[in-house]
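Everything below concerns the one structure shown next.
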Amino acid sequence: MEPKWLEWAKGLQAEAQNGLTYTQSEFERERYEHILEIAAEMMASNSDTDFTYVKNLFEDVEGYMTPRVDVRGVVFENNKVLLVKERMDGGWTLPGGWADPNETPSQSVEREVLEESGFLVRAVKVLAVLDRAKQGHTPPFPYHVYKLFFLCDIEGGKKTTSHETDDVDFFGEDEIPELSAARTTASQLSRFFKHLRDPELPADFD
């Protein structure tokens, strides 16, 4: 287990990097750069590493892109799949979103499903690890994204919308609504229904 101070420092560093990537405000940029310095100070003061060295390591990461990780929960009930309706584009999708630092993949998908649908779930199996660019998603995304799909069992909760979703429901294979193609495709759902019918299928990848 990592010490808590390292977990906190890594979390601050990730938040600052994300802010610097997206902000167009010079005021916000100064604040994010200050947060980055705090994270560097935390790491340097709790180790034998020089502050300037840590800060330079953080700054070197700026602009360096690795694949982002999108996690999606595949939840079945009575042979129907759980979908949520996105406020952003009005399409339906498997609940999910970006994985967060300091969470395992299963923790991230369980959190996303709870936040977007209201259901408390437990991830039980990896169904697929897919490259978004090879899945026919539209529109194209400016970053390279890996999509991780987890079969999840419901353990509690109830249908609840969120600031990102304005509807939650279960759909049979022959009644799939218009999808948010940026997030979930019809071919992916078709494949996951095959996994439902044949639990022995191995995980898909690429």
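Just so it is clear, none of the values below were taken in a lab; they were calculated from the coordinates. These numbers were taken from a predicted model, which means no experiment stands behind them. Methodologically, a virtual Cβ is constructed for each residue, glycine included, from the backbone with ideal geometry; neighbour enumeration extends over all protein chains shown.
Annotations
- Each part reduced to its alpha carbon centroid, the range 1-54 and the range 173-195 end up 39 Å apart.
- Model label points for D153 and E200, set 7 angstrom from Cα along the Cα-to-Cβ axis, are 2.1 nm apart.
- Quarter of Cα convex hull surface for the range 115-206, i.e. mean projection, nm²: 6.7 nm²
- Integer Hz, Karplus 6.51/-1.76/1.60 couplings in order for the range 38-50, x for Gly and Pro: 4, 4, 5, 5, 4, 5, 5, 6, 9, 9, 9, 9, 5
- Net charge in the neighbourhood of L120 (other residues with Cβ under 9 Å of its Cβ; Lys, Arg +1, Asp, Glu -1) is -1.
- Under 26 Å of direct C-alpha separation, and excluding same-chain neighbours fewer than eight residues apart, K10 reaches these lysines: K55, K147.
- Ranked E7, E30, criterion: other C-beta atoms within 10 Å, fewest first: E30, E7
- Difference of contour (0.36 nm per residue) and Cα-Cα distance, D131 to E173: 12.8 nm
- Once the Cα-Cα distance is subtracted from the 0.36 nm per residue extended length, the D166 to S45 segment shows a gain of 39.0 nm.
- At q = 0.13, 0.15, 0.20, 0.26 Å⁻¹, base-10 log of I(q)/I(0) for the range 162-206 (Debye sum, equal scatterers on each alpha carbon): -0.38, -0.50, -0.81, -1.09
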